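Asks: Have a look at this one before I ask anything.
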Number of protein chains: 2
Amino acid sequence: MTLPMEVPAAGLPARVRIHEVGPRDGLQNEKATVPTAVKAEFVRRLAEAGLTTVEATSFVHPRWVPQLADAEELFPQVAALPVDLPVLVPNERGLDRALALGARRVAVFASATESFAKANLNRTVDEALAMFAPVVARAKAAGVHVRGYLSMCFGDPWEGAVPLPQVVRVCRALLDLGCDELSLGDTIGVATPGHVTALIDALTAEGVPVDVLGVHFHDTYGQALANTLAALQRGVSTVDASAGGLGGCPYAKSATGNLATEDLVWMLRGLGIDTGVDLGRLVATSEWMAAHLGRPSPSRTVRALSHQEP
Amino acid sequence: MTLPMEVPAAGLPARVRIHEVGPRDGLQNEKATVPTAVKAEFVRRLAEAGLTTVEATSFVHPRWVPQLADAEELFPQVAALPVDLPVLVPNERGLDRALALGARRVAVFASATESFAKANLNRTVDEALAMFAPVVARAKAAGVHVRGYLSMCFGDPWEGAVPLPQVVRVCRALLDLGCDELSLGDTIGVATPGHVTALIDALTAEGVPVDVLGVHFHDTYGQALANTLAALQRGVSTVDASAGGLGGCPYAKSATGNLATEDLVWMLRGLGIDTGVDLGRLVATSEWMAAHLGRPSPSRTVRALSHQEP
C-alpha cells in the first residue's frame, strides 16, 4: 500500500486522538435504516482498525432519529469492546437510558446560534443549556465523562457568520456545567483556517485549556483537512472524523459530509503524528460499509487505496 | 450565495496568483476529445471569472496527447484575451509552434525522478534537462516567460518517497537553465503538509527565492488544500489549480484529480487573500463544463454551491 513519507512539522501535537463519529453521526441521516447487526459489526471493525473512541449511537427519541432507534439493542453488543464508546444523550430521559446500559461516556449537543437551537432543539440557546444542566450534573455524579458538542461555531444557514464572542460564551457555559471536553462544530462546512485559528485563540484567551477542545469539521466546501491543520497548529489534539466520510450524502442537495477519517489519518501519518490506526483495515471497513450502503465512499483516500493492489 | 467569513491569518501572502491549468492539464486526459470551440469558450469564461493566468494548451506532438492536437487552432481564438496564456512546450519543435503563434509564456515539464523521466519523456532526468536547455534559452532570447514544471516532487509510483536533495538538484538545474518560475508537482497526491514545508525550506536554504516557487497539488488522498495552506505559510504565492477539479477522473481506477480552483478560492477568500476571482462565475463555468463532459465536478465547492439558490 502506498503511504506518505513521514515528515514531521514543528509545533504540532505528538499524538492525536481521533473521535470517530461514523456509527452515530455518519449513519443518523441514512434513508434506509442500517440493521443493528451491521452497526455492531461496523463499531467492532472500527475498534479493530485501531480507533480508540467510537461514538456508538444516540439515545435520542426514536421519533426524531428513527435510524438510531435501536440504541438499546446495539449498545450491549459493542459495550465489551476495549475502546471508549460515547453516546449522544439529548436530555435526562436519554441519559437514563444510556446509564441503564452502563455507558461511561455521554455527549450533549448544544448550538452556538439561536436559529439552530430553535430548529434542532426547539429552544433558545439558554433554554437548551438549562435542559443540559441536570444531564451533565447527573452524568458527572455517576462518574461519566461528558462531551459538549457545539454546532454552528463558524457559520449558520440562517444567521451567516457567527461572532466569536457568541461561540466563546456558549463554550464557557458548557464547561461551567461540567463538560469534560468540547467539540467545536462547523456544521455547514464554511470555516476556513484563519477563522479556526481565531476561534481557538479567542477560547484560550478566555482561559479555556486547549486540551479540552476538539474540532469537528465538515467537508462541504473541501476545507475540513486544511481547517484541521490550522487547529493542530494551535495545539488541538482531538479531531472528530467519520470513517469513509459518512454523514450527509455528498450527492444530495445539501452536501454536508464529515471529514473522512482516512483522509485525516493519511495527513497525520505523513506528519508523523501517532493515531494508532491501521489505515488498510480502516479503508477495508469503509469499503465494506460502502458496499452495504450501495454507494461509494466520498473519502478520496478510500477511493484511491481501494483501487490499488494491496 | 453563502460565503465564508473573512478571517485573515498571520504570516500569509497578501495576494495569491492562481495558475489555472484546467484547459490544459484538466482536459488532456479526457477520453472524448473536447471540441476546439468548447475549449476556447472555457478559456474565455475562466478569464471572465477573474483568473489572470490560464494555461491554454500544449504544443506536444498530437500522437502523444491527441486531446490537445488542436493547439494551432485553439490558441489564436483566445490569444487576445487580457490574461496570461502559458502553453506547454515539450521540446524545440513545440517551442517553434508556440512562438509562431505569438505565445508569450511557455512551460517545460521535467521530472524529479528517473523513473518518471523515463516513463514520460523516455530520457534520464539529465537528458531531459539537456533537451530543455535550448528550449529555455531560445524562449528567453525571444523575451518569453518560462515556467518549469517539476513532477514527482514528493512521491513516485515506482520509487516511493523522493529525497529532498534530489528535488532541490533538479529545481536548481531548471533555474540555471533560465526558468523564471517553478511549479512543484505532487503528481500522485501523496504529499502531506510537513513534507511540503520541508521541501520549500530545503529550496530556500539553497538560495531559491520563494517567489519563483509555485505549488501543484493533486487531491488523490484529499491533501491538496492542507498542503496548499502549508505552502502559503512558507510564503509561496503561486498556486496551480484546475477549475472544477478537472484532470484525472475521480471515478477512474487511478484517481489523480487536481486541486479544484473553487475549493482553493473558497479558502483564500476566507483567509482574506485577494485573488480577483468571482467565485459564482467560476462555479457556473465548471458546471457548464461538467454538463459538457457529462459528469459532475469533483469539486466540493462546486457541488455545494451549484445546489444552492443564488
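Asks: If you take the beta carbon distance between A:ARG93 and B:GLU6 as r and set R0 to 56 Å, what does 1/(1 + (r/R0)^6) give as a FRET efficiency, to the nearest 0.05?
Replies: Calculated value: 0.85.
Asks: With a cut-off of 8 Å between alpha carbons and a minimum separation of six or more residues, what is the relative contact order of the range A:38-193 in percent?
Replies: 18 percent
Asks: Loop by DSSP (not H, G, I, E, B), at most 11 other beta-carbon atoms within 10 Å: where is the longest site-free stretch of chain B for trypsin sites (Lys or Arg not before Pro)?
Replies: Result for the longest clean stretch: B:64-252.
Asks: A follow-up question, please. On a full-extension model of 0.36 nm per residue, what is the gain between B:HIS61 and B:TRP158, subtracting their alpha-carbon distance, rounded to one decimal in nm?
Replies: 32.4 nm
Asks: In a Gaussian network model over chain B where Cα atoms closer than 10 Å are linked, find which of B:VAL277, B:VAL136, B:VAL162 has the largest mean-square fluctuation.
Replies: Its mean-square fluctuation being the largest, the pick is B:VAL162.
Asks: Considering only DSSP beta bridges whose two residues both sit in the range B:17-305, what percent are antiparallel, to the nearest 5?
Replies: Of all bridge pairs located within the range B:17-305, approximately 10 percent are antiparallel.
Asks: What FRET efficiency do you get for B:ALA291 and A:ALA133 if R0 is 51 Å and r is their Cβ-Cβ distance, rounded to the nearest 0.05?
Replies: FRET efficiency, B:ALA291 to A:ALA133: 0.45.
Asks: What relative contact order, as a whole-number percentage, does chain A give when Cα pairs under 8 Å and 6 or more residues apart are counted?
Replies: 21 percent
Asks: Could you please report the charge total around A:LEU3, scoring K, R as +1 and D, E as -1 over all other residues with beta-carbon less than 13 angstrom from its beta-carbon?
Replies: For residues surrounding A:LEU3, the net value is -2.
Asks: Separation of the range B:90-162 and the range A:72-88 by C-alpha centroid, Å?
Replies: If we compute the Cα centre of each part, the gap is 57 Å.
Asks: Restricting to bridges with both residues inside the range A:90-207, how much of the DSSP beta-bridge set is antiparallel, in percent to the nearest 5?
Replies: 15 percent
Asks: Something else about it: Return the loop-located chymotrypsin sites (Phe, Trp or Tyr not before Pro) in the range A:58-121 (DSSP other than H, G, I, E, B) with at most 15 other Cβ atoms within 10 Å of their own Cβ; answer none if there are none.
Replies: Here the chymotrypsin sites (Phe, Trp or Tyr not before Pro) that fit, given the DSSP loop and packing criteria, are A:TRP64.
Asks: Can I ask one more? Treating the point 7 Å from Cα along Cα-beta-carbon as the label, what are the nm separations from A:PRO163 to the other copies, to one decimal?
Replies: 5.7
Asks: Hey, another quick one. Determine the dipole magnitude for chain B: charges of +1 sit on the beta-carbon of Lys and Arg, -1 on that of Asp and Glu, nothing else is charged, the reference point is the Cα centre, and the result goes in debye to the nearest 20.
Replies: For chain B, the charge dipole is close to 320 debye.
Asks: For the protein assembly as shown, what number of Lys pairs, 8 or more residues apart or on separate chains, have alpha-carbon atoms under 27 Å from each other?
Replies: Close lysine pairs found across the protein assembly as shown: 13.
Asks: Given charges of +1 on the Cβ of Lys and Arg and -1 on the Cβ of Asp and Glu, with all other atoms neutral, how large is the dipole of the range A:157-310 about its Cα centre, in debye to the nearest 20?
Replies: With only Lys, Arg, Asp and Glu charged at Cβ, the dipole is about 420 debye.
Asks: Which of rounded, prolate, oblate describes the protein assembly as shown, given a ≥ b ≥ c as roots of the alpha-carbon gyration tensor eigenvalues and a/c under 1.5 marking rounded, otherwise prolate only if a/b is larger than b/c?
Replies: Prolate is the answer for the protein assembly as shown, as a/c is 1.5 or above and a/b outweighs b/c.
Asks: Still on this structure, I have one more. Quick check on the range A:17-305: take the gyration tensor over C-alpha atoms, sort the square-rooted eigenvalues as a ≥ b ≥ c, and tell me if it's rounded (a/c under 1.5), prolate or oblate.
Replies: Cα axes put the range A:17-305 in the rounded bin.
Asks: Over 18 Å, how big is the tail of the calculated P(r) for the range A:144-246, in percent of all Cα pairs?
Replies: Summing the P(r) tail past 18 Å for the range A:144-246 gives 41 percent.
Asks: With Cβ to Cβ distances under 14 Å as the rule, what net charge do the other residues near A:VAL106 carry (K, R +1; D, E -1)?
Replies: Here the charged neighbours net out to +2.
Asks: Once you list every other residue whose beta carbon is under 9 Å from the beta carbon of B:SER237, what net charge do they have if Lys and Arg are +1 and Asp and Glu are -1?
Replies: Overall, the nearby charge balance is +1.
Asks: Let me ask something additional. To the nearest 20 Debye, how big is the dipole of the range A:63-132 about its Cα centre, given +1 on the beta carbon of each Lys and Arg and -1 on that of each Asp and Glu?
Replies: Magnitude of the dipole: close to 20 debye.
Asks: For B:ASP176 and B:LYS118, what is the calculated FRET efficiency with R₀ set at 35 Å and r taken between the beta-carbons, to the nearest 0.05?
Replies: Approximately 0.95, to the nearest 0.05.
Asks: Turning to a different aspect of this structure: Find how much the distance from B:LYS31 to B:THR52 grows on full extension, using 0.36 nm per residue of separation minus their present alpha carbon separation; answer in nm with one decimal.
Replies: Between B:LYS31 and B:THR52, full extension yields 4.8 nm more.
Asks: For every helix of n ≥ 4 consecutive DSSP H residues, a contribution of -39,500 (n - 2.57) applies; sum these over the protein assembly as shown, divide by its total residues, and give [θ] at 222 nm rounded to the nearest 500 deg cm²/dmol.
Replies: Only helices count here, giving -12000 deg cm²/dmol.
Asks: To check you understand DSSP bridge types, tell me what percent of the beta bridges within the protein assembly as shown (both residues inside) are antiparallel, rounded to 5.
Replies: Taking every DSSP beta bridge with both residues in the protein assembly as shown, the antiparallel ones total about 10 percent.
Every number here is computed from the coordinates shown, using simple stated rules; none is lab data. Remember, predicted model here, so these are calculated numbers, not experimental data. Quick reminder, even Gly has a Cβ in these numbers, built from the backbone with ideal geometry, and neighbours come from all protein chains shown.
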